[in-house]
Amino acid sequence: MTASPNATPLLAKEVALLALLATLWGASYTFIRIGVETIPPITFIAARTLIAGGVLLAIIKMRGLSLPKNPAIWKRFFVQACINSVIPFTLIAWAEQSVNAGLATILNSTTPIFVFLLTVLITRHEVVTPRKLFGTLAGVMGISLIIGMEAFEGVGNELLAQVAIVAATFSYAVAAIFGRSFKGLNPMIPAAGSMICGAIILIPVSLIVDHPWTITPSSDSILALIGLSVFSTALAFTIYFRLIHTVGSISTASQAYLRVPIGVGIGVIFLGETLASTAWLGLIFVVMGVAAMTFPSRRKIAPAAG
């Protein structure tokens, strides 16, 4: 089957959105680093989901839309919140107390591998090609070169924490596939529903663990929280749910590779961090990997919902 004449502009739009999503989530590393300096991680994440959910809910109402009332859909929102925010956010926040940032970033960028394997071995919900396999492996190699191969020197140390990061990454992969169950809904609806459910889960934990009324966050941390919540969460998750239905879960997961060089670049510009000597070679591998996983040769881009 050949692609329709409209496939190229549609694909260009989705690739642009994929790059935007990678940028928004790449920036989240900097937002989080600044935010948790004076706000405990669980409270920071709880506030992130609460603010993002509130922003999305306000926009939904402004657009004349409404959240579904079907309890079955809200159960799916709850599941999506657990596997796409509550569990992975908490595991990563705990693990990064002892795992160096470079290795954590590499481990956390392996989501496309798990999406690929789950698709091949279990769900088979989309066509898996040798080109996508190449893209998956090229992306991992690129991330390793960007961060610096010396990051692997920490493998085996703090093993439990490293396993926690891999578990979080696997959770993200499951979420990318599970997110397909919201097909037919405007992308803002599952984004808002999952954020609201995440806040409902995390706020009581924050109250018990962190006693947030005792903290005195800095203005920088508050601004980082707002930036993270509005741009890297509310806007990002709206794009995320759209892309799952237009280009598929494997291609959407490929932004995990792309956001690393973007995140590293933001760190270099704003935090004074340095690049590994192999970074430019790694970027080439990342671009090759994302292209191989994203650009279709014989299938149409599905239309976006709502």
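Under 7 Å between Cβ atoms, which residue pairs at least 6 apart in sequence (or on different chains) link something in the range 197-226 that is under 12 Å from Leu50 (Cβ atoms) with a partner that is assigned to a helix (DSSP H, G or I) and open to solvent by 80 Å² or more (accessible area, probe 1.4 Å)?
Within 7 Å, the pairs are Cys197/Phe78; Ala199/Leu50; Ile203/Leu50.
Taking Pro9 as meeting all but one of (1) surrounded by fewer than 20 Cβ atoms within 10 Å (Cβ to Cβ); (2) at pLDDT 85 or above; (3) in a helix (DSSP H, G or I); (4) over 18 Å from the mean Cα position of the chain (by Cα), write down the number of the exception.
Among (1) surrounded by fewer than 20 Cβ atoms within 10 Å (Cβ to Cβ); (2) at pLDDT 85 or above; (3) in a helix (DSSP H, G or I); (4) over 18 Å from the mean Cα position of the chain (by Cα), Pro9 violates only (2).
Looking only at residues in the range 195-205 that are under 22 Å from the mean Cα position of the chain (by Cα) and more than 21 Å from Tyr240 (Cα to Cα), which one is most open to solvent (accessible area, probe 1.4 Å)?
Per the stated criteria, the residue is Ile200.
Within the range 71-80, can one find any residue that is modelled with pLDDT under 80 and part of a helix (DSSP H, G or I)?
Within the range 71-80, not a single residue is modelled with pLDDT under 80 and part of a helix (DSSP H, G or I).
Just checking, does the range 29-47 include any residue being modelled with pLDDT of 80 or more, within 16 Å of Thr252 (Cβ to Cβ) and not charged (D, E, K, R)?
No; the residues of the range 29-47 include none that is modelled with pLDDT of 80 or more, within 16 Å of Thr252 (Cβ to Cβ) and not charged (D, E, K, R).
Here are the criteria: (1) touching a Leu at 6+ places or on another chain (Cβ under 9 Å); (2) modelled with pLDDT under 75; (3) open to solvent by 10 Å² or more (accessible area, probe 1.4 Å). Tell me which single one Arg298 does not satisfy.
Checking Arg298 against (1) touching a Leu at 6+ places or on another chain (Cβ under 9 Å); (2) modelled with pLDDT under 75; (3) open to solvent by 10 Å² or more (accessible area, probe 1.4 Å), the one that fails is (1).
Considering only residues that are more than 19 Å from Ala173 (Cα to Cα), open to solvent by 30 Å² or more (accessible area, probe 1.4 Å) and at pLDDT below 70, which ones fall in the range 120-161?
Within the range 120-161, Ile147, Met149, Glu150, Phe152, Glu153, Val155, Gly156, Asn157, Glu158 qualify.
State the number of residues belonging to the range 37-59 that are in contact (Cβ under 8 Å) with a residue 24 or more places away in the chain and either surrounded by fewer than 18 Cβ atoms within 10 Å (Cβ to Cβ) or over 22 Å from the mean Cα position of the chain (by Cα) (or both).
Total meeting the criteria: 3.
For every residue, the table says whether it meets (1) assigned to a helix (DSSP H, G or I); (2) open to solvent by 30 Å² or more (accessible area, probe 1.4 Å); (3) β-branched (Val, Ile, Thr).
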{"site": "Thr169", "(1), (2), (3)": "yes, no, yes"}
{"site": "Gly179", "(1), (2), (3)": "yes, no, no"}
{"site": "Gly193", "(1), (2), (3)": "yes, no, no"}
{"site": "Leu207", "(1), (2), (3)": "yes, yes, no"}
{"site": "Pro217", "(1), (2), (3)": "no, yes, no"}
{"site": "Ser221", "(1), (2), (3)": "yes, no, no"}
{"site": "Ala224", "(1), (2), (3)": "yes, no, no"}
{"site": "Val230", "(1), (2), (3)": "yes, yes, yes"}
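Look at the range 64-83 and say how many of its residues are open to solvent by 50 Å² or more (accessible area, probe 1.4 Å) and either closer than 12 Å to Cys197 by Cα or touching a residue at least 12 places away in the same chain (Cβ under 8 Å) (or both).
6
The values are calculated or read from the model by the stated rules, or taken from the named source; none is laboratory data. Just so we're clear, the structure is a prediction, and the values are computed from it rather than from any experiment. Glycine also receives a Cβ, built like all others from the backbone with ideal geometry; neighbour counts cover every protein chain displayed. Please note that ligands, DNA and RNA were not included when accessible areas were found on the heavy atoms of the full protein model with its side chains. Shrake-Rupley method; radii C 1.70, N 1.55, O 1.52, S 1.80 Å.
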